[in-house]
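See structure below.
Readers should treat all values here as calculations from the given coordinates under stated rules, not as data from a laboratory. All values derive from a computational prediction rather than experimental measurement. With ideal geometry, Cβ positions are generated from the backbone for all residues, glycine too; neighbour counts draw on all protein chains shown.
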Amino acid sequence: MSVVVFYEKPGCSGNAFQKALLEASGHTVVAKDILKTDWMRLQLLPFLKSLPVSEWFNRSAPLVRSGAIDPDSFDASDATSVLSLLIDQPLLIHRPLLEVDGVCRAGFNPAAIHAWIGLSAAFGGVPLVGNPEACRHGANGTHCPVQE
């Protein structure tokens, strides 16, 4: 099984659920605080570069939910400015960020993670209901506390 470096927002119920899926599959999760990491462009880019720029954003972030930032208004030509924005406001980063043996990914797509490092044990013991990336508080109309 793999050692997964898992950049999360501490206290996020969605990230806790994702870590539980990884651990149920036999992986060792090394959790790190995405908000307290001193990000630099060349450190953050490997996690995001395989995604369209509009998908670099955490769609549950308050600035996105309020409409102050529209991720769909950004494209590849905006990559440098979006990286700067994400570094300045890491709550906007699409999470979790995952690193295994130097391979970096953003987000929690169960099928992609299963193909990459395996999630079969988790699927046998933990039902996946809804979007595993969505804020788990959102179902009851609440959201995680804002941490800046």
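Annotation: peptides 94-102, 58-66, ranked by per-residue average of other Cβ atoms within 10 Å with the highest first, follow the order 94-102, 58-66. Two numbers describe the Cα atoms of region 44-126: Rg and Dmax, which are 14.1, 43 Å.
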